[in-house]
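In what follows, a structure is listed as structure tokens, so that the remarks can point back to it.
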Amino acid sequence: MNLKKGAAVLVMISLLSASGCSAFKLPFFGGEEEKSKSSETEISQISIAKEESSEKSEVSEASRVQESSEEISEAESEPEPFNLQAEMYPAYLEIIKKLVHEYGEGEINSGTSSMDGYINGLAVVRLVDFDGDGAEELLCAYGKENFADTQEIYSFIDGQAVSVYKGNVNYEGGVGPFVEYITRDNKKYLLTNGSYAYTTRGEWLSIEGGKTETVFSFLGSDDPDMECKINGTVATKSEYKEKMDEFYNSGNLTHIVIYNNDSNTLEDTLKTMELLGYGSDSLKNNDNYKNAMVLYSAYIESEKWRTYDNFGEMITNDRLTEQKYAIFDINNDGVFEMLFEAENPNPTMRPETRSVFCTIQNGEVKELLSCATVDGTMGGTNAVVEYSEENDAFYICETQYGSGGGVQGNSIKGYTLDGVTLVKQFSASSEFVLSNPPTENHTIDGETVSRQKHDSYIRKIKQLPIEAVDKLYNEPSDLSNRDRLIELGVISENSEQY
């Protein structure tokens, strides 16, 4: 009840009592016959008694009103009830940000032969009240190799999000990763070390007060020669089936799939993350970004980027199965650019990549840098975002390396963007001729310099991974450029500052 509303109700009741409202009657002094025989003296005495009683009643009621008002005043001065979510959700949000930073947002693998349809990154985020105390735990599943292979539970303890369980996800039908919990008696229990295949096994854990306990374990198989166990005790096939049915039929299962192209898993994950506040400060929440996303997604799905010039020969490369991109407004003009990269995950020698830097002009995607490297020693070019520690600025860059004919070399060209035009800001290159004796040439902005000066210049330029580009431009921060890049892992905290 609202305290101020409660106070108004109490005061109104007191005032009604004090005013002699008809709902409050005086005591009955006898039957009708007795009243008719009463003398005027008796009536007078009764009237005097009523007046005295009324005076005492008014004093008493006035005291009650004062006491009631004092109690209400004390109640109003009490602090508002503690809002658990207001403390708990921000703590869980920090866990989410940490996991996204380390593993990336959840996404369904595509283009890889054996792991197509599996969910990588932060695949599962759910709020689950395991112990039924009204405070939800945070359930996560994540991984960054082939799929999300680790599940972890965090509880809110003493004002902090604390990990109370961490282990492998479960598997069904071979390599079918999933997360599962069961609701029984207003509590929930997590399946761990679970396998639903030729051999079935698992342990159901309770989570309470930061501690876990196995409440039910099983080991069984359709193989008539294999021993079955329930809670570590050997059981016959019929006993095993009876106990399993008894446990599983006693509650409701929640089964979360991390494979089979299950987009529902990621949709529910995103909803939970948004509930915790994830993305609420993202600069992606605007129409320009969303419109750019539509155009760039169509560009990527068209696979036009697969066809390009490979040292004078137009080729179509189907080996570039790993793809990444970042959509960001590099020059803050309201038009979002895209840096796209595709890679062959199994090159024979050097990296084989395709990278493109694009903008949008007249509602269409316009390539500003189109680069590729080959799987061999010939080399090629890459489109990247680089940070200059010397200038404390970011540039779109085209880097190049090559080898052949007894010559090795590398170079970098840095640009800023003016509308749809790249404006060159700097360049540096090195060339090594494998003659006898060998010769070398180093330049900065076309001027020949010593190797030492060239290398010192290059060391001040740091390349940003695509994931870092996305966070840098789309997540606001009060940190300096350098501190932000340290936070994103681009620059070492011990790196020399220029």
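The values are calculated or read from the model by the stated rules, or taken from the named source; none is laboratory data. Everything numeric here is computed off the predicted structure, so don't read it as measured data. Here the Cβ positions follow ideal geometry from the backbone for every residue, glycine too, while neighbour counts run over all protein chains shown. In case anyone asks, the SASA skips ligands and DNA or RNA and just uses the protein heavy atoms, side chains included. Shrake-Rupley method; radii C 1.70, N 1.55, O 1.52, S 1.80 Å.
Tabulated data
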| quantity | calculated |
| --- | --- |
| Lone qualifier among ASN288, ASN261 - being open to solvent by 70 Å² or more (accessible area, probe 1.4 Å) and within 21 Å of the chain's Cα centre (by Cα) | ASN261 |
| Verdict on VAL420 being touching a residue at least 12 places away in the same chain (Cβ under 8 Å), of a type in the set (A, V, I, L, M, F, W, C) and surrounded by 13 or more Cβ atoms within 10 Å (Cβ to Cβ) | yes |
| ASN382 free of Cβ contacts under 8 Å to residues at least 24 places away in the same chain, among the polar types (S, T, N, Q) and open to solvent by 10 Å² or more (accessible area, probe 1.4 Å) | no |
| Single residue of segment 305-321 satisfying the filter (at pLDDT 90 or above, in a strand (DSSP E or B) and not β-branched (Val, Ile, Thr)) that is surrounded by the fewest Cβ atoms within 10 Å (Cβ to Cβ) | MET314 |
| Matching option when the condition is of a type outside the set (S, T, N, Q), in a helix (DSSP H, G or I) and surrounded by fewer than 18 Cβ atoms within 10 Å (Cβ to Cβ), among GLU467, GLU440, GLU493 | GLU467 |
| So SER206, is it farther than 22 Å from ASP133 by Cα and assigned to a strand (DSSP E or B) | no |
| Within segment 170-194, tally of residues that are open to solvent by less than 20 Å² (accessible area, probe 1.4 Å) and either without any contact (Cβ under 8 Å) to a residue 40 or more places away in the chain or outside any loop (DSSP other than H, G, I, E, B) (or both) | 10 |
| Selected residue (criterion: surrounded by the fewest Cβ atoms within 10 Å (Cβ to Cβ)) from residues of segment 443-462 that are under 15 Å from ASN391 (Cβ atoms) and out of contact with any Leu (no Cβ under 8 Å at 6 or more places or on another chain) | ASP445 |
| Selection count, segment 186-203, where residues are farther than 11 Å from PHE130 by Cβ and among the hydrophobic types (A, V, I, L, M, F, W, C) | 2 |
| Meets criteria (free of Cβ contacts under 8 Å to residues at least 60 places away in the same chain and open to solvent by 10 Å² or more (accessible area, probe 1.4 Å)) for GLY210 | yes |
| Hits in segment 470-490 - residues which are in a loop (DSSP other than H, G, I, E, B) and surrounded by 15 or more Cβ atoms within 10 Å (Cβ to Cβ) | GLU475, LEU488, VAL490 |
| Unique residue being within 16 Å of the chain's Cα centre (by Cα) and free of Cβ contacts under 8 Å to residues at least 60 places away in the same chain when the list is GLU105, GLU137 | GLU105 |
| Boolean, GLU341 is open to solvent by 10 Å² or more (accessible area, probe 1.4 Å), modelled with pLDDT of 95 or more and over 31 Å from the mean Cα position of the chain (by Cα) | no |
| Residue within segment 323-334 that is of a type in the set (D, E, K, R) and either open to solvent by less than 50 Å² (accessible area, probe 1.4 Å) or more than 20 Å from ILE466 (Cα to Cα) (or both) present | yes |
| Subset of segment 272-289 [in a helix (DSSP H, G or I) and either under 24 Å from ASN146 (Cα atoms) or modelled with pLDDT under 90 (or both)] | THR272, MET273, ASP287 |
| The one condition in (1) under 29 Å from the mean Cα position of the chain (by Cα); (2) over 28 Å from ALA141 (Cβ atoms); (3) assigned to a strand (DSSP E or B) that LEU253 fails to fulfil | (2) |
| Per-region count, segment 213-233, residues modelled with pLDDT of 95 or more, surrounded by fewer than 17 Cβ atoms within 10 Å (Cβ to Cβ) and either basic (Lys, Arg) or outside any loop (DSSP other than H, G, I, E, B) (or both) | 5 |
